[in-house]
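Have a look at the structure below, then the notes.
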Ligand SMILES: C[S@@+](CC[C@H](N)C(=O)[O-])C[C@H]1O[C@@H](n2cnc3c(N)ncnc32)[C@H](O)[C@@H]1O
């Protein structure tokens, strides 16, 4: 049942590249991202530990959604760090703004960005984090053009961390991105190569997603 609800939300809200337009759909999308059972496969604490973020690190949470990762990343980098929470949908940023107040976090900057350009601060980001976002870009046929736009934002020695769904037929995983939106790891590698990136580290503990750290070639 819980997966049926998630699947319905995913299909309604992300299917065909369309995004939610009204408050009710936004609320359901946020609830889908924040559903407690997500923790079982998303393993946020393990992901944060694997990222080995430094105090003072500058991170862009690109496609931040509800702030599922923005909040723990902001806590991990501490007051000397900066997190840019970037999204193409203003209601997501408004929701994160409310969370930041209740969590008393002052190191997060919110920015509405274009779907075809992350508009990162030049040379200022140590880690670009994209969780469950690149498959949208892939589906919109912007995969190869988008990766090069990540490059100018990265500080020397920076990395791009991408977590996204391993392709699976709908009968094996009736939730998450529908099959037509799914993107293989090989396809992602090819997009990132176009941006001048190579895989540097691969974490294998997530059951449903690949988790890859890319660095400049
Ligand atoms: C499935 S949610 C994931 C949110 C968050 N990263 C998480 O793990 O919970 C995808 C988010 O990416 C945003 N998004 C989709 N395409 C984007 C793009 N081209 N640039 C920035 N954000 C994008 C959507 O608005 C949505 O909030």
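Read the figures in this text as sums done on the coordinates, not as results from a lab. Bear in mind the structure is a predicted one, so any value in this text is a computation, not a measurement. Because the Cβ atoms are built from the backbone with ideal geometry, glycine has one as well, and the counts that use them run over all protein chains shown.
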Completion exercise
For the chain, the Cα convex hull volume per residue in Å³ comes to 110
Problem - FRET efficiency, residue 55 to residue 171 (Cβ-Cβ, R0 45 Å, nearest 0.05) - result: 0.50
Practice task
Under a 10 Å cutoff between Cα atoms, tell me which one of 200, 52, 144 has the largest fluctuation in the Gaussian network model of the chain.
Solution key: 52
Exercise for the section: Sort out for me the Cα centre separation of the range 35-53 from the range 77-140, rounded to whole Å. Expected result: 18
Practice task
With a ≥ b ≥ c taken as the square roots of the eigenvalues of the C-alpha gyration tensor of the range 92-191, please select rounded if a/c is under 1.5 and otherwise prolate if a/b is larger than b/c or oblate if it is not?
Solution key: oblate
Completion exercise
Of 177-185, 103-111, ordering from highest average Cβ density within 10 Å down gives 177-185, 103-111
Problem - Per-residue [θ]222 nm for the chain (sum of -39500 (n - 2.57) over DSSP H runs n ≥ 4, rounded to 500) - result: -10500 deg cm²/dmol
Exercise for the section: Consider a paramagnetic label point 7 Å from the Cα of residue 90 along Cα→Cβ; state which residues of the range 25-61 have an amide N under 17 Å from it. Expected result: 25-27
